[in-house]
Protein chains: 2
Amino acid sequence: MKIGVLGTGTVGRTVGSRLAERGHEVILGTRDVSRTLARTEPDAMGNPPFSTWHEQHPQVTLGSFTEAAAHGEMVINATGGGGSIEALTVAGADTMAGKALLDIANPLDFSHGVPPTLFVKDTDSLGEQIQRAFPDVRVVKALNTMTAALMADPAQTAGGEHTTFVSGNDEDAKKAVTALLEDLGHADVIDLGDITTARGSEMLLPIWLRLWGALGTPMFNFKIVR
Amino acid sequence: MKIGVLGTGTVGRTVGSRLAERGHEVILGTRDVSRTLARTEPDAMGNPPFSTWHEQHPQVTLGSFTEAAAHGEMVINATGGGGSIEALTVAGADTMAGKALLDIANPLDFSHGVPPTLFVKDTDSLGEQIQRAFPDVRVVKALNTMTAALMADPAQTAGGEHTTFVSGNDEDAKKAVTALLEDLGHADVIDLGDITTARGSEMLLPIWLRLWGALGTPMFNFKIVR
């Protein structure tokens, strides 16, 4: 499938390169292609500059937000939650109209330090904010409840025997996202319901962050045992 | 161990009677003993009136909040989250001073309908509110992330192979609670850290409620796969 991934951070790189390995045609979208390529320093998380990473992952094409969104039969939002609406606006509501948008972003607010809080929660969610801002896009919240390495390759922990949640208003878009997730190795995909259920999966972040601290590794995931 | 359980609803009954089965001496505390015994109608959830339940569980003693708190070497808060501070105040700060308080309550707000929202979250938690209100009590948040039947007897789902979280400032109190949980069959107890980490476990409720809807049963639990 042709997939446009918005965002060149850890999530965009990890998910985008894995999708390319699985045979998908991936364009990673960024706000300013020349600026992204010109960076020579690691980012705040210690990740190598994009150009260094790209040399090792030439199967992924870099483009603008709009080029990535136009290319994709499915679009993936891998931008930071605080900048998602703006990035999607640049990508273009018309460009994405009718397409499934897999929204991985979390509404993390680092303005009060660490651990971050959520800038929207409980009575609304980032997934709903995006769906309201782009009513012609078929938003599906998923993958936001685990570290990027497990989003892309869940078998790295317990053979993939853990759970992924999907939330969205459009059944066909949820089916398309679920098929993509299963192709990546996600063994247990639970459909929580409409996009308002993204309140639930986004509110997992506070315990996820504390589990990371308690366990000393982000290589864990929630499994719903029943 | 002598245990005082505050609250005669589903959580108090289920956990209290199971602890009695395990050999503990349990007093269930209520605001008004004679009123609790006088009820003849099922509650809003369809549970039988207390007196009917009590005939089948005579090993549990009924008392006032204060009597239960005075009896317990450990006290368990199984009251509704909205009434917890008031119930604990009636039980008595002095009565509970120095004791471990296992706080199961969730800050559910039903005033806007179903699903409920949380009346405190993200920047504070009910566990912290209780710890601040009763500084001499050693509060441990636990068990609030699963249905009452699994709190009391986790082996009912997947042989108990799922996860229970504990949060609290006092290491000895967390050890005592963890030992009690293991005695009930909880196979995987994760210490999240101090009482502020209760923000994480309380914020699991929104997805828990939606999973109940999606799965059609409350007999599930989170397992942290790593």
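The values are calculated or read from the model by the stated rules, or taken from the named source; none is laboratory data. Note that the coordinates shown come from a computational prediction; the quantities given were computed from them, not determined experimentally. FYI the Cβ positions are ideal-geometry reconstructions off the backbone, even for glycines, and counts take in every protein chain you see. For accessibility, only protein heavy atoms count, side chains too; no ligands or nucleic acids. Shrake-Rupley method; radii C 1.70, N 1.55, O 1.52, S 1.80 Å.
Taking the listed residues B:Leu150, B:Leu184, B:Leu143, the one that is on the phi > 0 side of the Ramachandran plot, more than 8 Å from every other protein chain (Cβ to nearest Cβ) and in contact with a helix residue (DSSP H, G or I) (Cβ under 8 Å, 6 or more places away or on another chain) is B:Leu143, with no other qualifying.
For segment A:153-167, the condition holds for at least one residue, the condition being that it is under 14 Å from A:Leu101 (Cα atoms) and more than 9 Å from chain B (Cβ to nearest Cβ). Taking the conditions (1) within 16 Å of A:Ala78 (Cα to Cα); (2) outside any strand (DSSP E or B) in turn, A:Ala155 satisfies each one other than (1). A single entry from A:Thr197, A:Thr123, A:Thr147, A:Thr163 fulfils the requirement of being within 15 Å of the chain's Cα centre (by Cα) and among the β-branched types (Val, Ile, Thr): A:Thr147.
Has segment B:162-170 got any residue that is buried (at least 17 other Cβ atoms within 10 Å of the Cβ) and more than 23 Å from A:Leu205 (Cα to Cα)? Among the residues of segment B:162-170, at least one is buried (at least 17 other Cβ atoms within 10 Å of the Cβ) and more than 23 Å from A:Leu205 (Cα to Cα), which makes the answer yes.
Determine whether B:Thr145 is of a type in the set (S, T, N, Q), in a loop (DSSP other than H, G, I, E, B) and open to solvent by 10 Å² or more (accessible area, probe 1.4 Å). Against the criterion (of a type in the set (S, T, N, Q), in a loop (DSSP other than H, G, I, E, B) and open to solvent by 10 Å² or more (accessible area, probe 1.4 Å)), B:Thr145 does not qualify.
Can we say B:Ile190 is more than 8 Å from every other protein chain (Cβ to nearest Cβ) and more than 15 Å from the chain's Cα centre (by Cα)? Taking the combined requirement at face value, the residue does not satisfy it. Residues that are in contact (Cβ under 8 Å) with a residue 40 or more places away in the chain, crowded, with 17+ Cβ neighbours inside 10 Å and in contact with a strand residue (DSSP E or B) (Cβ under 7 Å, 6 or more places away or on another chain) within segment A:20-58 comprise A:Ala20, A:Ile27, A:Leu28, A:Gly29, listed in sequence order. Can A:Lys99 be described as in contact with a Pro (Cβ under 9 Å, 6 or more places away or on another chain), of a type in the set (D, E, K, R) and open to solvent by 10 Å² or more (accessible area, probe 1.4 Å)? Answer is no for this residue. Return a yes/no flag: does segment A:107-114 have any residue that is under 22 Å from A:Ile3 (Cα atoms) and open to solvent by less than 30 Å² (accessible area, probe 1.4 Å). No: zero hits.
Specify the residue that is surrounded by the fewest Cβ atoms within 10 Å (Cβ to Cβ); the eligible residues are those in segment A:214-226 that are at the interface with another protein chain (Cβ under 9 Å from one of its Cβ atoms) and in contact (Cβ under 8 Å) with a residue 40 or more places away in the chain.
Out of the qualifying residues, it is A:Met219.
Being out of contact with any strand residue (DSSP E or B) (no Cβ under 6 Å at 6 or more places or on another chain) and under 21 Å from A:Thr163 (Cβ atoms) narrows it down to one of B:Glu161, B:Glu171, B:Glu128, so name that one.
The match here is B:Glu161.
All of A:Asp191, A:Asp122 fail the test of being in contact with a helix residue (DSSP H, G or I) (Cβ under 9 Å, 6 or more places away or on another chain), among the acidic types (Asp, Glu), within 28 Å of B:Pro107 (Cβ to Cβ) and buried (at least 19 other Cβ atoms within 10 Å of the Cβ), apart from A:Asp122. The set of residues in segment B:179-203 being outside any strand (DSSP E or B), under 19 Å from A:Gly213 (Cβ atoms) and either free of Cβ contacts under 8 Å to residues at least 24 places away in the same chain or charged (D, E, K, R) (or both) consists of B:Asp194, B:Arg199, B:Glu202.
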